[in-house]
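The values are calculated or read from the model by the stated rules, or taken from the named source; none is laboratory data. Since we're looking at a predicted model, the values are computed, not measured. Neighbour counts are summed over all protein chains in view; Cβ atoms, including those assigned to glycine, are modelled from backbone coordinates with ideal geometry.
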Amino acid sequence: MNSILRWHRPLMLVTVFMAILMIVSAVGLFTDERSLLGVPIWLKPFKFAVSFGLYSLTLAWLLSLPHKGSRWTWWLGTIFAVAGGIIDVSIVFLQAGRGTFSHFNGSADPFDDKISAVFGMGVNFIILTNLAMAAILGFQRLGDRTASRAIHAGLFLALAGMGVGMLMAFATEGQVAADAAGRAVPLMAGHSIGVPDGSPGLPLTNWSTTGGDLRVPHFLGLHGLQVILLSGIGLSLLAQRSIMLRDERTRVRLVTTVACGYSGLVLLATWQALRGQPVTHPDALTLGALAAVILTTAIGSWVVIKTRAILPG
C-alpha cells in the first residue's frame with residue numbers, strides 16, 4: 001500500500017475521478033434514453049472514463065519508477081492529468097449531459113464553439129506531454145531490462161495510437177448529424193472512412209461494420225502500453241517455472257518480438273481503416289497481411305527461444 005501511495009498523486013486522483021465517472025455514466029446508460037448517432041448518449045463518456053482511468057493508473061506507476069528528470073516528468077504527468085483526465089473527459093461528460101457532440105462539433109453556438117476550442121487545446125497538451133515523457137524515459141533503464149524494453153515499446157505504441165487519432169481530422173468531412181434533441185449539428189471530422197459516423201457498429205465499441213473505422217487502430221495503439229507491459233510481466237512470472245525464460249536476454253528479445261508484432265497489428269488496422277474496410281469484414285488481402293504478422297511474430301519468438309543459449313548478450 002505504501003508503494004502505491006508514492007505513485008504520481010495527480011494521476012492517481014484522476015484515476016479515482018475516472019472510477020466515479022464510470023459509475024455516473026453507467027447509471028446514465030440505464031436511466032437516460034437519449035442517443036447520439038444511434039448510440040446511447042452515455043456510452044462515449046463511459047468508454048472515456050475506462051480508457052483514461054487505465055492509462056492514468058499505468059502512467060502513475062510508470063512515473064514512480066526511479067529515473068532521471070523525475071521533476072520534469074512529474075510536471076508533465078500533472079499537465080496530462082489536468083488537460084486529459086480533468087478538462088477533456090469533463091467536456092465529454094458535459095456535452096453528453098447537454099445532449100450534443102464533444103468531438104468534431106462545428107456548431108455556431110458560442111458555447112459549443114468555446115468548448116470545442118478548449119477540447120482541442122486539451123488534446124494537443126495530451127499529445128505533447130506524452131511525447132515529452134517518451135523522449136525523457138525512452139533512453140533510460142526503468143527497472144530490469146525486460147520492464148525497460150516493455151515500457152519503451154509501450155510508450156511508442158501509445159504515441160502511435162495518438163497519431164492515428166489525429167488522422168480523424170481528415171475523415172468524413174462536411175457531415176451534418178442530429179443531436180439528442182434533433183437539432184442539426186455540422187461535424188468537422190469523423191471516425192469513419194467511406195461511411196458517415198452513426199452507421200451500424202459493433203456492440204459497446206460501436207466500431208463501424210459497414211466502413212473503415214480509425215477508432216480501431218487508435219484504441220489498439222493507446223492501450224499497447226498496457227498490452228506490452230502485461231506481456232513483460234507474464235514472461236517474468238513464467239520465468240519462475242520455465243528454464244527457457246530464466247535468461248533475462250531471452251525475455252527482453254521476446255518482449256521486443258511481441259512489440260514488433262503488435263506494432264504490425266496497429267499498422268494493419270490503420271491500413272484497413274483507411275481503405276474504408278470494416279474490421280468485421282476483412283478481405284483476402286487483409287487476412288493475408290494478418291496471417292503474415294502472426295506468423296512472423298510466432299517464428300521470431302521460436303527463433304529467440306531456440307537460440308537463447310548462443311545469442312550474444
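Buried (at least 16 other Cβ atoms within 10 Å of the Cβ), within 30 Å of residue 58 (Cα to Cα) and not acidic (Asp, Glu): does that describe residue 158?
yes
Please name all residue pairs, on different chains or six or more residues apart, with Cβ atoms under 6 Å, provided the first residue is in region 264-287 and is surrounded by 17 or more Cβ atoms within 10 Å (Cβ to Cβ) and the second residue is aromatic (Phe, Trp, Tyr).
Short answer, once both residue conditions are applied: 279/207.
Look through region 236-263, keep the residues that are under 23 Å from the mean Cα position of the chain (by Cα) and of a type in the set (A, V, I, L, M, F, W, C), and return whichever of them is surrounded by the most Cβ atoms within 10 Å (Cβ to Cβ).
Only one residue tops the list, namely 255.
Can you tell me how many residues in region 80-122 are among the acidic types (Asp, Glu) and touching a residue at least 12 places away in the same chain (Cβ under 8 Å)?
Total satisfying the criteria: 2.
State all residues of region 147-187 that are under 26 Å from residue 272 (Cα atoms) and over 22 Å from the mean Cα position of the chain (by Cα); if no residue qualifies, say none.
173, 174, 175, 176, 177, 187
For residue 128, state whether it is touching a Gly at 6+ places or on another chain (Cβ under 7 Å) and in a helix (DSSP H, G or I).
No.
Quick check on region 159-166. Is at least one of its residues at pLDDT 90 or above and over 13 Å from residue 214 (Cβ atoms)?
yes
Here is a yes/no grid of residues against (1) among the aromatic types (Phe, Trp, Tyr); (2) touching an Asp or Glu at 6+ places or on another chain (Cβ under 8 Å); (3) surrounded by fewer than 16 Cβ atoms within 10 Å (Cβ to Cβ):
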residue	(1), (2), (3)
37	no, yes, no
46	yes, no, no
62	no, no, no
72	yes, no, yes
78	no, no, no
83	no, no, no
98	no, no, no
106	no, no, no
112	no, no, no
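Any residue in region 138-151 that is without any contact (Cβ under 8 Å) to a residue 60 or more places away in the chain and farther than 14 Å from residue 250 by Cα sitting within a Cβ distance under 7 Å of a residue that is of a type in the set (Ser, Thr, Tyr) and part of a helix (DSSP H, G or I)? List the pairs, counting only those 6 or more apart or interchain.
141/148
Can you pull out the helices (runs of 4 or more DSSP H) entirely within region 1-112 that have at least 3 residues that are of a type in the set (A, V, I, L, M, F, W, C)?
Counting at least 3 such residues, we get 9-31, 43-64, 70-80, 89-98.
Scan (1) in a loop (DSSP other than H, G, I, E, B); (2) under 27 Å from residue 52 (Cβ atoms) for the single condition residue 210 breaks and write down its number.
(2)
Only residues that are buried (at least 22 other Cβ atoms within 10 Å of the Cβ) and touching a residue at least 24 places away in the same chain (Cβ under 8 Å): list them for region 190-206, please.
Within region 190-206, 190, 191, 193, 197, 201, 206 qualify.
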